[in-house]
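Visitor: This is the structure I have questions about; it appears just below.
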Amino acid sequence: MIDMTKQMTKQWVRIVFKRRVFVITMLLVQIGILLSLIAGSSFSFRYVSWILSMLSVVVSLYILNKSEKPAYKLTWIFLILLFPIFGGIMYILFYSQSNSRKLRRIVAGINRECDPLFPLPGNILPLIAEKQEACLLQARYLQEYAGFPIYAHTQAEYFDSGEAFFKRLLPELEKAEHYIFMEFFILRQGKMLDPILDIMERKARSGLDVRMIYDDLGCFMSLPPDFKQYLKARGIQCVIFNPFKPILSSQQNNRDHRKIISIDGKVAFTGGMNLADEYINAYEKYGHWKDAAIMIEGEAAWSLTLIFLKMWNLEKARIALPKDDFAAFYPWKDEPCSVESDGYVQPYADSPIDDENVGEHVYIQIINNAKNYVYINTPYLVVDENLLSALTLAAKSGVDVRIITPRRWDKKVVQITSQSYYRQLILAGVKVYEYSSGFNHAKTFVSDDTVATVGTTNLDFRSLYLHFECGVWIYKNRAVQAVKEDFLRTVPVSHRITPADCARNAVQRFIQDVLRLFAPLM
């Protein structure tokens with residue numbers, strides 16, 4: 001299998017390279033043409049410069065009154081001030097091609113058919129309210145406003161590494177009887193993905209419904225351009241999320257960063273891991289790769305199944321193909337779910353289409369409700385004032401707030417920007433660590449031995465506001481303790497950041513200030 005993969009990679013390497021170069025070249029050409037037209041027009045016509053400047057003023061007023069994060073407003077207005085002649089028209093060109101109205105109509109139609117299927121018999125929210133559980137506000141927000149019910153008949157198992165996740169995943173895939181659904185940001189053929197594809201192919205050929213969604217930009221440099229056809233030839237249905245086009249458009253920012261595996265609607269996985277060899281440390285990319293995932297078995301797995309089906313049908317609707325009968329995938333048609341309850345489990349998803357920042361709100365509520373501690377794993381720490389204020393206020397109020405980021409980073413610019421927040425957090429009492437052995441890619445929160453979340457959402461602008469994300473929120477579940485213990489095991493192999501580590505000269509501080517200004521674009 002691996003030899004065949006190598007041959008396939010060699011066969012397509014030139015085509016892949018040409019595609020990448022073509023797309024990048026086309027983007028640069030568009031930018032160059034735009035700038036040359038504006039510059040040329042300014043020289044040719046006396047009033048063009050004045051008209052474009054007035055357009056920038058109008059666009060700035062529009063941005064100020066738009067319902068959007070202040071950080072985004074500040075970044076765009078700064079760009080318009082920096083480039084007053086073509087800043088406004090650049091904003092218009094960037095956002096006018098997103099076709100968001102059509103996309104919102106499609107999503108609204110899918111939601112009308114799918115959302116009534118999330119709740120299962122036996123609404124437990126009134127029971128939580130009657131018991132005055134501390135999780136009530138969080139559970140009520142996710143169920144009654146965001147539309148993601150809380151479930152009881154569910155077991156959760158936490159994985160503190162890609163290796164543990166992978167070892168558990170393969171036998172679960174072998175148990176599949178009806179369908180296997182997968183949705184990932186990055187796929188790369190090798191020791192991790194190839195055995196998974198082998199199982200998926202066997203299951204597909206035996207009559208199971210086997211599907212794969214992958215993000216085109218996430219896989220832009222990791223997969224050959226004909227990978228969809230490669231999967232189809234093996235009996236695996238596939239859609240590519242938001243195919244990347246060499247066009248300046250805000251829609252290209254909205255990537256599918258979710259990681260979901262659903263097996264028969266009864267077992268589901270999510271977390272930080274993509275399907276590539278670095279995630280199981282089959283090869284060293286940025287030192288040891290630290291990650292996290294969670295498996296849920298029981299009622300809550302149905303929720304992640306529907307989240308997948310929504311995305312699948314969104315991409316199908318974009319190319320005018322008929323939608324699924326969502327209810328047909330429900331796994332407990334003849335009898336109720338028999339899985340024993342272990343606390344409460346509430347999967348959730350986040351979408352840039354609905355303007356509701358579900359992932360951010362889950363994080364903020366965990367921080368605000370903490371009485372004793374909040375422990376956080378995140379690969380990036382590029383946050384807006386809402387999260388920054390919540391973290392610092394909790395620490396100032398006596399809550400033990402700890403954050404672990406990587407010591408070795410995958411993006412130097414993001415590293416510098418993340419480190420610009422350290423001093424402010426440390427002065428407020430937040431304990432910040434950098435994982436010394438390599439790259440910490442886990443996205444986990446745990447608080448007060450009662451609540452935790454494991455998912456795909458990083459603490460950065462892209463994950464919080466631009467990407468499609470998901471996670472699993474758990475309360476009084478045995479997995480909560482596993483998340484805490486994993487964090488505490490990671491602290492001794494991490495370097496605690498001190499105020500001295502944050503010292504910077506004037507030039508370095510200026511660079512950090514500039515990068516923080518453009519943080520929403522990272």
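Derivation of every value follows stated rules applied to the coordinates shown; laboratory data play no part. Computed from a prediction, not measured in an experiment: that's the story for all the values here. Counting neighbours? That spans all protein chains shown, and the Cβs are built from the backbone with ideal geometry, glycine included.
Visitor: Quick one: of 175/203; 102/310; 266/476; 290/443, which pairs are farther than 18 Å apart, Cα to Cα?
Guide: Numbers: 175/203 10 Å; 102/310 16 Å; 266/476 21 Å; 290/443 10 Å.
Correct reply: 266/476.
Visitor: For region 358-521, just say rounded, prolate or oblate: build the C-alpha gyration tensor, square-root its eigenvalues into a ≥ b ≥ c, call rounded for a/c under 1.5, and beyond that prolate if a/b exceeds b/c, oblate if not. If you can, show how the numbers build up before the last one.
Guide: Values: a/c = 1.57, a/b = 1.41, b/c = 1.11.
Prolate shape, in that a/c is at least 1.5 and a/b is the bigger ratio.
Visitor: Take residue 393 and residue 164, extend 7 Å from each Cα along the Cα→Cβ direction, and tell me the distance between the two endpoints in nm.
Guide: If labels sit at residue 393 and residue 164, their model points lie 3.4 nm apart.
Visitor: Return the distance in nm (one decimal) between the two label points of a simple spin-label model at residue 411 and residue 340, each offset 7 Å from Cα along Cα→Cβ.
Guide: Computed distance between label sites residue 411 and residue 340 equals 4.4 nm.
Visitor: Also, I was wondering about something else. Once you have the Cα-Cα distance between residue 229 and residue 504, take 0.36 nm times their residue separation minus that, and quote the gain in nm to one decimal. Walk me through the intermediate numbers first.
Guide: Details: separation 275, 0.36 × 275 = 99.00 nm, distance 5.13 nm.
The residue 229-residue 504 span can extend by a further 93.9 nm.
Visitor: Could you work out how far apart the two model spin labels at residue 117 and residue 282 are, taking each label as a point 7 Å from the Cα in the direction of the beta carbon, and quote it in nm?
Guide: Modelled inter-label distance: 3.3 nm.
Visitor: Something else: May I ask you to list the aspartates and glutamates whose Cα is less than 20 Å away from that of residue 371, ignoring any residue fewer than eight positions away on the same chain?
Guide: List returned: 133, 360, 400, 448, 449, 485.
Visitor: Oh, and also: Mind checking which lysines have their Cα closer than 18 Å to the Cα of residue 285? Skip sequence neighbours fewer than 8 apart in that chain.
Guide: Within the straight-line limit of under 18 Å, residue 285 reaches these lysines: 191, 411, 412.
Visitor: Residue 514 to residue 175: FRET efficiency via 1/(1 + (r/R0)^6), r the Cβ-Cβ distance, R0 56 Å, to the nearest 0.05? Show your work: numbers first, answer last.
Guide: On the way: r = 52 Å, r/R0 = 0.94.
Approximately 0.60, to the nearest 0.05.
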